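Enquirer: Quick one: the structure is below, and I'll ask about it shortly.
The values are calculated or read from the model by the stated rules, or taken from the named source; none is laboratory data. Remember, it's a predicted structure, so these values are computed and weren't measured experimentally. Heads up, the Cβs are rebuilt from the backbone with ideal geometry, glycines too, and the neighbour counts pull from every protein chain shown. What goes into the accessible areas is simple: the full protein's heavy atoms, side chains included, and nothing from ligands, DNA or RNA. Shrake-Rupley method; radii C 1.70, N 1.55, O 1.52, S 1.80 Å.
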Amino acid sequence: MAAIATVHVVDDDEITRETLAILLQGAGYGVELYESGEAFMEARPTAQPACVVLDMHMPQMNGIDVLKALKSNDFPLPIIMLTGRGHIDLAVQAMKLGAADFVSKPYKSETLLASVQEGLAAAPANGGEAAAAQEKIGRLSKREYEVVQGMIAGLPNKLIAHRLDLSPRTVEAYRATLMEKLEVRGLSSVVQMALAAGVQPLA
C-alpha cells in the first residue's frame, strides 16, 4: 500500500492555514501546519512522499529567506510558493532558488491541488529535461523569445510592450502563441521551462 503523501503548509495567516488543511485533507493528503518560516525551519521535515506549500509574504523570515536557507542545505522536498498577484518578479526569484511552482492568490482549489500533485510527481531536474526545454524554446520566433525573456524578468505585459516597442495587445498575442508552442498552460510553466533552458531575463 502506497504511503499517504504529506503537504507541509507554511503560512502566518491562521485562516489560510485552516482553509488549506481542509482542502488538502479532503483530497486525501496528510497535512502539517507551520505558523512561520522559523517554525518550519526548526522542524525541517524531509520524509517523503511530501511537498511544501510556502507563503511568500511572512514577517521576519519570509518565503525567499526560507528558500535560500533550504537551498544551502540541499532540501529534498518540492516547494510550491503562494504569491500575491503583481509579485511575479518574486515568484521568478523563488523558482531560481529551486521552487517547483508558484500559485497566485487568490487561487482556485483545483489549481493548487494540481500544483501539489505535479510537485509530488516531479522527478529531479536533469540534463535530459534541460535539453527538452531548450528544444521547445528553440521553436519560438525572435519576438516570442523576447517576450519570454520579459516574463522571466517579472515584467507585466505593458512593460514588456514598452521595452520591445510593441502594443500590449500584441504582447498578449505573442504570449498565447508561445504557450501553445511550448505546450504549457500557465506562467509558472513558462518560467520553469525558460529557466531550465538557460534563458536570460530581458535586459
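Enquirer: Using only Cα atoms, tell me the angle between helix 187-197 and the longest principal axis of the chain; keep it within 0 to 90° and round to the nearest 10.
Expert: In the chain, helix 187-197 runs at an angle near 80 degrees to the longest axis.
Enquirer: Give the accessible surface of the chain per residue, rounded to a whole number of Å², with probe radius 1.4 Å and ligands, DNA and RNA excluded.
Expert: That works out to 52 Å² per residue.
Enquirer: Which three extents, in whole angstrom, do the alpha-carbon atoms of region 39-79 cover along their principal axes, largest first?
Expert: 28, 19, 16
Enquirer: May I pose another question? To the nearest whole percent, what portion of all C-alpha pairs in the chain is separated by more than 32 angstrom?
Expert: Within the chain, distances greater than 32 Å cover 19 percent of Cα pairs.
Enquirer: Here's another thing I want to ask about it. If you take all C-alpha pairs in region 1-83, what percent of them are over 21 Å apart?
Expert: Tail fraction, whole percent: 22.
Enquirer: For region 100-203, what log10 I(q)/I(0) values come out of the Debye formula at q = 0.11, 0.14, 0.19, 0.21 1/Å, with one point per alpha carbon and no solvent?
Expert: -0.35, -0.57, -0.99, -1.15
Enquirer: Let me ask something additional. DSSP loop (so not H, G, I, E, B), at most 15 other Cβ within 10 Å: list which GluC sites (Glu not before Pro) in region 102-203 pass both filters.
Expert: Here the sparse-neighbourhood loop sites are GLU183.
Enquirer: Then there's this: Which one of MET95, MET56, MET179 has the biggest mean-square fluctuation once the chain is modelled by GNM with Cα springs under 10 Å?
Expert: Its mean-square fluctuation being the largest, the pick is MET179.
Enquirer: Taking all protein chains as present, what is the carbon and sulfur share of the accessible area of the chain, in % to the nearest whole number, probe 1.4 Å?
Expert: The computed percentage sits at 52.
Enquirer: Then there's this: Extension gain ALA131-LYS158, at 0.36 nm per residue separation less the Cα-Cα distance, in nm?
Expert: Answer, rounded to one decimal: 6.6 nm.
Enquirer: Please list the radius of gyration and Dmax for region 45-158, considering alpha-carbon atoms only, with Å as the unit.
Expert: 15.1, 44
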